[in-house]
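Read the structure below first, then the notes.
The values are calculated or read from the model by the stated rules, or taken from the named source; none is laboratory data. Note that the structure is a prediction, hence the values are computed from the model and not measured. Cβ atoms come from the backbone with ideal geometry, glycine included; neighbour counts cover every protein chain shown. Each accessible area value is taken on the protein alone, full model and side chains, heavy atoms only, with ligands, DNA and RNA left out. Shrake-Rupley method; radii C 1.70, N 1.55, O 1.52, S 1.80 Å.
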Amino acid sequence: VKPQRLVLPQAPSLPGRRLGEHEALRLYLRRRRRSLEEGIALIRVLAGLSPLLGLLGTVRGMILAFWSISLYGTGNPRALAVGISEALITTQTGLLVAIPGMFAVGLLGRRLQARCAELEVRWGLRRD
């Protein structure tokens, strides 16, 4: 894999003064890190919400199952199976989204931290 070449814009300036190279690199890195952390936070929220949505579908499926029992009695297993099936599918879907999502949050967070530390050392912003 070819290393990517980082092209930085000209050193930004703050009101009243121009930033030096190290300050500009530090500011650039901080902004990029914040942007990536916001993306990771979005993944964390979606991974956290998906089991709750799965639970909502589970409750709906169980309500449907009990409704079919009240309507048809226990003599019609096919009607009962529809509600139970909906409950199981939504639970499974919620978990299928949440588990990889939480894994991705941990993995991406560690990679981001390691990469930022590596760039700080490479750019002379921090000694390791």
Task: Filtered residues of the range 114-124 (kept if part of a helix (DSSP H, G or I) and not hydrophobic (A, V, I, L, M, F, W, C)) - done: Arg115, Glu118, Glu120, Arg122
Open item on the list: I need every pair where a residue in the range 57-68 that is in contact (Cβ under 8 Å) with a residue 12 or more places away in the chain has its Cβ under 8 Å from the Cβ of a residue that is acidic (Asp, Glu) and in a helix (DSSP H, G or I), sequence separation at least 6 or different chains.
Closed with: Gly57/Glu86; Arg60/Glu86; Gly61/Glu86; Leu64/Glu86
TODO: Report, by residue number, each residue of the range 43-98 that is open to solvent by less than 70 Å² (accessible area, probe 1.4 Å), among the aliphatic types (A, V, I, L, M) and within 22 Å of Gly109 (Cβ to Cβ).
DONE: Ile43, Ala47, Ala98
TODO: Return yes or no: is Leu108 surrounded by fewer than 18 Cβ atoms within 10 Å (Cβ to Cβ) and closer than 26 Å to Leu36 by Cβ?
DONE: yes
TODO: Looking only at the range 1-42, count how many residues are under 21 Å from Gln113 (Cβ atoms), at pLDDT 80 or above and open to solvent by 60 Å² or more (accessible area, probe 1.4 Å).
DONE: 12
Open item on the list: out of contact with any Lys or Arg (no Cβ under 7 Å at 6 or more places or on another chain), part of a helix (DSSP H, G or I) and without any contact (Cβ under 8 Å) to a residue 40 or more places away in the chain: which single residue out of Arg111, Arg127 fits that description?
Closed with: Arg111
